[in-house]
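Rule-based calculations on the coordinates, nothing more; no lab input. Bear in mind the structure is a predicted one, so any value in this text is a computation, not a measurement. Cβ: placed from backbone, ideal geometry, glycine included. Neighbour counts: every protein chain shown.
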Amino acid sequence: MQRTGHSFPASVLKSIRDRKKQKAKAAPSEATRPAGTLVASYNVHKCVGVDRKFDPERIGRVIREIGPDVIALQEADNRFGDRAGLLDLLRLELETGLVPVPVSGNGKGHGWHGNVLLFKRGIVRNVHQIKLPGLEPRGALVAEIDLDEKRTLRIIAAHLGLLRRSRSEQARVVLEIMNRPDEKPTLLLGDLNEWRLGNRSALNTLHTTFGPAPPAVPTFPSSLPLLSLDRIMANRHGMISTVEAHDTPLSRVASDHLPLTGFVHL
């Protein structure tokens, strides 16, 4: 496997150093957290933790720790069969105020190909369910949310494939969504399964619209994060700040990914 420059070793060393220094943290209070809309992306690994226990309630506790305004979840449904949803969304709404963006034709599932987008306040205007190409069943959920009377945000919640060629094709589909004439502030949230850089990377494909990605934040594996598989990207310079992994004792065991958080300024 060819590595580009020194990005992988540097990220490994930094992750190890930061983990040794880090203390457990709780979600910031409304009084202390930075200004802006708090968004997050979280691959919940079908609610199976690194201890191999299926525990949806534990995932809910991690989400409560984060306290997001908007969160994209991946692998929130069973992959096969009736693809039933795995979380107690009613309880999550009661405890956090988060409600799912509605999707159609999914039977018992929470979302679209395991992608669930939840938001705390605002009005959903448009929802599109995009089937992504590739050997694996992958998809993207696209929603436009009026956060208030003046601010509208388009969000693409996606989970890209494990195969490099599939990721490149899927990234091009995401760019086609972005090339629509009604261009507006847009976020891409999700597990992109891509830490590599260079011309063959799906990240390089996305840079043409989303620009240089924010600094890579390792989120996988959660017990000792080395790879930056999860991303929060925007099509406006300066729109995202304070991108970091939500690294707590609970999040280290609840899933094999750490949640990724950031603040959006419109």
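Remarks
- Based on the reciprocal of the average 1/r between different C-alpha atoms, the Kirkwood radius for segment 132-176 equals 11.7 Å.
- On the beta carbon distance between residue 51 and residue 241, with R0 = 25 Å, the FRET formula returns roughly 0.15.
- Residue 148/residue 78 FRET efficiency (R0 30 Å; Cβ-Cβ; nearest 0.05): 0.25
- For residue 227, the residues whose modelled amide H falls within less than 5 Å of its own, excluding neighbours fewer than 5 places apart on the same chain, are 219, 220.
- Available extension along the chain between residue 93 and residue 165 is 22.1 nm, counting 0.36 nm per residue and deducting the alpha carbon span.
- For segment 35-264: span of alpha carbons on each principal axis (Å, largest first): 42, 40, 38
- Extension gain for the segment residue 204 to residue 265, taken as residue separation times 0.36 nm less the Cα-Cα distance, is 19.5 nm to one decimal.
- Sites residue 136 and residue 104 - FRET efficiency at Förster radius 30 Å, r taken between beta-carbons, to 0.05: 0.85
- Phi angles across segment 223-234 convert, under the Karplus curve 6.51 cos²θ - 1.76 cosθ + 1.60 with θ = phi - 60°, into 3J(HN,Hα) values of 6, 8, x, 10, 10, 8, 7, 9, 9, 10, 10, 9 Hz, Gly and Pro given as x.
- The dipole here belongs to segment 35-264: it is taken about the Cα centre, uses +1 on the Cβ of Lys and Arg and -1 on the Cβ of Asp and Glu, and is about 480 debye.
- When both bridge partners sit in segment 122-266, DSSP labels roughly 80% of those beta bridges antiparallel.
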